[in-house]
């Protein structure tokens, strides 16, 4: 699940590495994300079940795919 600017959307984890993730989500939600934006990432679809939000930075966006970078030291 991704959160940005008070909105959230479910996504599919496409790829993950030590420095970030590539997530696919609804194009309407993705249109509002731009490189440099901060957003939150939950590694499950229910924030109650896994309450830890990972703050990320958008590093790229291509249609419905969003590249997110984890903060340094995570």
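Nothing in this text is a laboratory measurement; each read-out follows from the coordinates by a stated rule. This structure is a prediction, so every number in the text was calculated from the model and none was measured. Neighbour counts run over all protein chains shown; Cβ positions are idealised from the backbone, glycine included.
The residues in the range 46-62 that are touching a strand residue (DSSP E or B) at 6+ places or on another chain (Cβ under 9 Å) and either surrounded by fewer than 17 Cβ atoms within 10 Å (Cβ to Cβ) or under 11 Å from residue 1 (Cα atoms) (or both) can be counted, and the count is 7.
When 26, 32 are screened for being within 15 Å of residue 3 (Cβ to Cβ), loosely packed, with under 13 Cβ neighbours inside 10 Å and in contact with a strand residue (DSSP E or B) (Cβ under 8 Å, 6 or more places away or on another chain), only 26 passes.
What residue, among those in the range 1-11 that are without any contact (Cβ under 8 Å) to a residue 40 or more places away in the chain and part of a loop (DSSP other than H, G, I, E, B), is surrounded by the fewest Cβ atoms within 10 Å (Cβ to Cβ)? Looking at the filtered set, the residue picked out is 6. Per this entry, residue 14 is counted among residues that are in contact with a strand residue (DSSP E or B) (Cβ under 8 Å, 6 or more places away or on another chain) and either assigned to a strand (DSSP E or B) or farther than 11 Å from residue 58 by Cα (or both).
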